[in-house]
Amino acid sequence: MSTWYPKGTSTRLGVMDDTASAPVPAQITAEQRELLDQVLDRWSLQVLDKLCERPHRFNELRRAITVVTQKSLTSTLRRLERNGMVDRVVVGTRPVAVEYHLTELGATLQDLIDALLRWASGNMESVRHARARFDDGGPA
């Protein structure tokens, strides 16, 4: 037996936020897709997660994200800086060091990053089962 819901209503429990001030576009634009690709790529999410904790120097980030190469981390940080998510600050120590921290705009991503990581942790077992069914050729 299926349940009928009026078009445009949610089946999720919880409180509905007022979304009138920020309409969701009917289609993702190329510009939005490019930004999302750059913010949610392989290394950006991990870099942003680390910078949500506190500012980090380059080598601290490299040690914290053990599998990233120097070239990939440099490229990721430059991309995030270009998009206004991260600031690069030269620290006047000897030797001179560079520290990265979230900008005000980048900090707005913290709740979203936390939510994505909670979702991934909470649903990993279901994903494993789905992958196993798919890999075994079972019903989708």
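We did not get these values from a lab; they are worked out from the coordinates using the rules stated. Keep in mind it's a predicted model, so treat the numbers as computed, not measured. No Cβ is skipped: glycine too gets one built from the backbone with ideal geometry, and neighbour counts run over all protein chains shown.
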ask   = Quick one: if you stick a label point 7 Å off each Cα along the C-beta vector at residue 30 and residue 69, how many nm between them?
value = 2.9
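From largest to smallest, what semi-axes in whole angstrom does segment 100-140 give when each is the square root of 5 times an eigenvalue of its alpha carbon gyration tensor?
Working: eigenvalues 239, 16, 10 Å².
The equivalent ellipsoid of segment 100-140 has semi-axes of 35, 9, 7 Å.
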inquiry  = Normalised by the empirical 2.2 N^0.38 Å for globular proteins, what value does the Cα Rg of segment 26-82 take?
reply    = 1.22
Neighbourhood net charge (14 Å Cβ-Cβ; Lys/Arg +1, Asp/Glu -1) for residue 44 = 0
request  = Starting from the Cα-Cα distance between residue 119 and residue 136, subtract it from 0.36 nm times their residue separation and give me the gain in nm to one decimal.
outcome  = 3.6 nm
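How long is the gain from residue 98 to residue 110 if the chain were fully straight, where each residue apart is worth 0.36 nm and the alpha carbon distance is subtracted?
Numbers: separation 12, 0.36 × 12 = 4.32 nm, distance 2.23 nm.
Here the answer is 2.1 nm.
Over the residues of segment 60-130, compute the C-alpha Rg and express it relative to 2.2 N^0.38 Å. List each step's numbers first, then the result.
Numbers: Rg = 15.8 Å, N = 71, 2.2 N^0.38 = 11.1 Å.
Segment 60-130 yields a ratio of 1.42.
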